[in-house]
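The values are calculated or read from the model by the stated rules, or taken from the named source; none is laboratory data. Keep in mind it's a predicted model, so treat the numbers as computed, not measured. Positions of Cβ are generated from backbone atoms using ideal geometry, with glycine treated the same way; all protein chains shown enter the neighbour counts.
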Amino acid sequence: MIIAALLAAVVIGRLYQIQVVEHRTWADEARRLELSGAVLPYDRGPILDATGTPLVEDAPGYRLELDYRDFRRGAPLGQVAHARSTVLGRPVTLFDALANLEAWATELVLLAPGELHDFGKGAGLRGTSFDIPATERPFDEQRAGRASDLRYYVVALLDVDDDEKGELRRLERRSDTRDSYLRYLARLRDVDERELLADLRAQWLASVERLRVLARRLEWEGEESLGALPIGGAGSSAVEDGAFTALVSDLEGWRRSVEDAASTALFRELYGFHPGRIAPATLVERFDLDWLERRIGWDRARVASWAEQARFGYLHGWRAGYALPRLLARVRLDGQRPDAEHFASIVLGAFARGRDFVAALDGRPTSWRELDELAVLDDLPRVLELDDDDAATATERPPLDPLDPAERELVGATLEWVEATRWIDETRAARLYSEFVGELGTRLESTYGGTLAGVLAADAHRTQAQRADRTRRLALALLDTFEDQFQVALTERLAELAARSPGGLLTLDEERRDRLSERARHLIKDYSSRAVTLHDDPDYDVVFLLTRDAEHYPGVRVVPVRERRTVPRGPEGLPLAQELVGDVALLDANGEIRQRAKSQRLKDLRRDVTRSDTEERELAELMQELLRRDELRGVSGIEASFDAELRGANGYQERIGLEDVYGRGARDEYLTAVEDGDAIRLTIDPDLQRAARETINRPRPVLTDPKLDDAWYAEPVGAIVLLDIQGRVLAAASAPDSSTELDGDEEGERARIVERVFGRPNTFQPVGSVYKPFVALWALDRVPDFDASFMNDCAVPPGKTWAEYEGLRCHAQYGHGQLTLPYALAVSCNPYFARLADVIGFEGVVSVGYDFGFTESTGVLAVGDEIEVGRGLNDWGGRTFEFDDRAQMDLQLRRAANGLQVVEASPAQVARAYLTLARGSRVPLRLVDAVGDREVPWGEPVPLPYARASLDELRGYLEAVTNANAGSASDTLSRTQIGHVVVAKTGSADLSSRTEDGGAVRKHTWVAGWLPAEDPQIVFAVYVHDTTATSGHSAGYVARDLLQKTAVMDWLKERGYEQNFAPYEVRIATGRLANPPRNPLSPR
């Protein structure tokens, strides 16, 4: 009794110690055991048109994933293939298993538990089609593990329940059980053995039939057509279709990729570097890789195949796809060029060992001058079994040129690009130089000095993306050069080490050989359990099939996902404004690096079960702030500009351990609420947008016009923008767009599907004669004694063959003769406006461009201080008035007055300028009406510094462009064509000097204006990129097609403006007038 009382006291004391004194400690331990967290993803906000209808939105969807481990363990096809591989100790493909399914499965279930017991001890194993001899070294042949795997597959093929499985497992513990698994199961079920086998065979074939049905439902397409595929089995002559063949081919590919990935991971863990760093032939020749054959069940050919894949994966996947983008993401830019010193350290960081390589990825590389240890070369002596401890040095020659002390001394204190590019081998350097010069243009080749360093030093890179791309290609050339040197040095080093290795092959030391057993099986399990995407967008029938009959499709699962979907519009089901809306993408290398520290902090907080209130608030903030790897972010267009508003905030839910749920201070769960992203409502009118898109992407050629540019109509490039009089963007269409089917043979801008209405062009984009009205306005309003009767004689100067004025040619060879301002506008006479430039001078030509917004962005992203706007949609500010100090200023001003050379703008800028002319005040364009429930504030109008009379006079003159007999747009935009009086100006901007014979030159053409003339409601600009036809034979036709669209006319009719096709002619005076009126126009 005393002893019992003492024991009870001890127990009670210990309980008090645990439950009271150490309560907090054990509570934390319980929470660590039970704690689980789940991220609750938000819906990204939709982007809507003006009617509130989504252009793009997050929508529920499904994805099919494959867990290959579950497939091989649960599907008879996988069971037979892997069991057969286990028996033979070499790879057996799914195709082989399919062709012999019944026979091989039958052979397996006819094995006896005792036979597998003895096989695990080293005995032989015999079946109808195999005879595995006995061995005295069962450990080396992995006999115990193979026997265990075979037991699993045999029992799985028998499709037993839990009770039956327990009975069979008891039999397996005995070595004297000589009856087959099939016979034992038949006894357990009290059925005839032959009937049971027939039922099992039917089940095995049915499982294959279900896979065939799935392949057909998914309309599976493999990379190669393997033809029809027979299903093996007694009496079976069924032939499968190509979809099933392709599915089996992909399953086999995934199986190989699982084995390859696990083997590569195991190699990296054991040796400390990626096997792909070594050339495949060298890897197979120099290294003892028998452990791969034994542990993975490969033969020599399969090992060689893995070595090839590892090398390819390292060069093109890991190095080019992972390491290089992350290394270059950290290259600091100095103006337009990366810093060569830092760049060299980053690139050489790819060859560094362990921590030095990780530091390079983080943007903190060891200086290339201090780098002295390289991966592989300095790793191997630490992991190999060598005859002596003396780590003999490799050849004295440095493995890479920059590591040569003499080279480092030669370079000096600061590395310049001329030294860095000198490291690239001659062939690669010549190829890069040729490519860069071809892209940048031979016009500046004389400034490059014939060297790569000269190209990099030139300020000819137009965009940040182009500079980044050239930096990437330069880095890749350096990496490839260093890789060649590295392989030479590595071959020599391996030969030295092999001479010191037992048996002549590089063998792991004993510690690492011991680690093989515990790691190989784990890695195979780990990698085979990683899901791969089987299908991105299965239809409902497939989802229903797999949900209803999940047990019949092991390894294949339906995963609910949220997808960013473009909403198709119109009878063709095409996206409405994809280039404007933009694209989304998953987190890239730059994003990962930027948030790496915070991501690590979030991981630490999620694992911490003793968080304070402050830390829990921090966790919630980080959960909402950081992008997950599967979270979409905007990368272009509206998606990127308003990414911060479209993004929501992820929720986070934690389920706490049992002690806390039922004990003191218990709580059920911790939850941060999901916050969906805000909707962005645009001003885009869906009907007008569809009309604009169809017009510019499918222009209707005027077949009777001999001056038509058939090539442009076959492959149009250009843009259309429509505005209302308040400045709302009603339509913004580009060609080519996402609906264009490119065949890969396109060149230049036709090969680029980009937003062209607002964006910075990739080429020279002068606006041409659409700039002339603004020059005319300055003259009318600001030049004393100037009026519309100002005369110029557009004629052929003595000794010339073409009409011109001081170097500016007329489009008419023999000129227009004596003409006034209205006539010069109507016929778009270049010499007239060249002379006008001399009259108004620098101030006039330039100031009017500033007044009408040619030097600034359109303001579509000016949405107020409360709304966060990032980089995305490029609202370009133009390249207007970037004069060349080396050229004659007077000539540049004459060209500028004609919208040539120094006046470049986007279609949106041109449209805004004409909106300003129509209104008499300048306003920011409006593309976004609302963000969530916040209305975007309207921009303040800026009055023009010109008299109303001058504006009215100019507007009247522009009616002559469309309605006078000589007007450049009278054949396309007259009232008899459109049904409204259109105010407009055409423009053509040659991209090169005209030839003496007057041959066609390539040009951009424009038309911009508004309608109706009496009460402007809609403003338009049409841009045709790179054509041989003048505006009247290109952009004019496109503008006519646009304004004749039913959607445009209906839009005007809804506002009370009916069409009227009655003739309307404007007469203009061409000669000198004795008493010129202020406005020499006479409409009738």
query = Which one is modelled with the highest pLDDT among residues in segment 655-697 that are outside any helix (DSSP H, G or I) and of a type in the set (S, T, N, Q)?
reply = THR683
query = Residues of segment 536-557 being buried (at least 19 other Cβ atoms within 10 Å of the Cβ) and within 28 Å of the chain's Cα centre (by Cα), which ones?
reply = PRO538, VAL556
request  = Among the residues of segment 78-119, count how many are out of contact with any strand residue (DSSP E or B) (no Cβ under 9 Å at 6 or more places or on another chain) and in a helix (DSSP H, G or I).
outcome  = 24
task = Please state which of the following conditions VAL10 fails to meet, knowing it meets all the rest: (1) at pLDDT below 95; (2) in contact with a strand residue (DSSP E or B) (Cβ under 8 Å, 6 or more places away or on another chain).
result = (2)
inquiry  = Show the residue pairs meeting these rules: Cβ distance below 7 Å; 6+ apart or different chains; first residue within segment 910-934 and crowded, with 21+ Cβ neighbours inside 10 Å; second residue among the polar types (S, T, N, Q) and not in a strand (DSSP E or B).
reply    = ARG912/THR858; ARG922/THR916; PRO924/THR858; LEU925/THR858; ARG926/THR683; LEU927/THR683
request  = Kindly indicate which of THR451, THR481 is over 30 Å from GLN765 (Cβ atoms), assigned by TED's automatic domain parsing to the domain that holds LEU380, modelled with pLDDT of 75 or more and β-branched (Val, Ile, Thr).
outcome  = THR481
ask   = Before we move on, is ASP67 at pLDDT below 95 and surrounded by fewer than 20 Cβ atoms within 10 Å (Cβ to Cβ)?
value = yes
query = Which of the residues belonging to segment 539-561 are at pLDDT below 90 and assigned to a loop (DSSP other than H, G, I, E, B)?
reply = ASP539
key: Subset of segment 727-772 that is of a type in the set (S, T, N, Q) and in contact with a strand residue (DSSP E or B) (Cβ under 7 Å, 6 or more places away or on another chain) - its residue that is surrounded by the fewest Cβ atoms within 10 Å (Cβ to Cβ)   = SER739
task = Could you tell me which residue of segment 274-292 is nearest to LEU88 (Cα to Cα), considering only residues that are without any contact (Cβ under 8 Å) to a residue 40 or more places away in the chain and not hydrophobic (A, V, I, L, M, F, W, C)?
result = ASP290
remark   = Given the conditions (1) in contact (Cβ under 8 Å) with a residue 60 or more places away in the chain; (2) more than 30 Å from LEU205 (Cβ to Cβ); (3) surrounded by 12 or more Cβ atoms within 10 Å (Cβ to Cβ), every one holds for LEU150 apart from (2)
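Please state which one of GLN578, GLN600 is within 27 Å of the chain's Cα centre (by Cα) and at pLDDT below 75.
GLN600
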task = May I ask you to list the residues in segment 187-204 that are surrounded by 18 or more Cβ atoms within 10 Å (Cβ to Cβ) and either more than 13 Å from LEU158 (Cβ to Cβ) or not assigned by TED's automatic domain parsing to the domain that holds ALA103 (or both)?
result = none
ask   = Would segment 50-60 turn up any residue that is in contact with a helix residue (DSSP H, G or I) (Cβ under 8 Å, 6 or more places away or on another chain), of a type in the set (Asp, Glu), in contact (Cβ under 8 Å) with a residue 40 or more places away in the chain and closer than 30 Å to VAL674 by Cα?
value = no
remark   = Matching residues in segment 793-809 (surrounded by fewer than 23 Cβ atoms within 10 Å (Cβ to Cβ) and touching a helix residue (DSSP H, G or I) at 6+ places or on another chain (Cβ under 9 Å)) number 7
ask   = Based on what the data block shows, is GLN818 under 30 Å from LEU1011 (Cβ atoms) and surrounded by fewer than 24 Cβ atoms within 10 Å (Cβ to Cβ)?
value = no
task = Go through segment 118-150 and count every residue that is basic (Lys, Arg) and in contact with a Gly (Cβ under 9 Å, 6 or more places away or on another chain).
result = 3
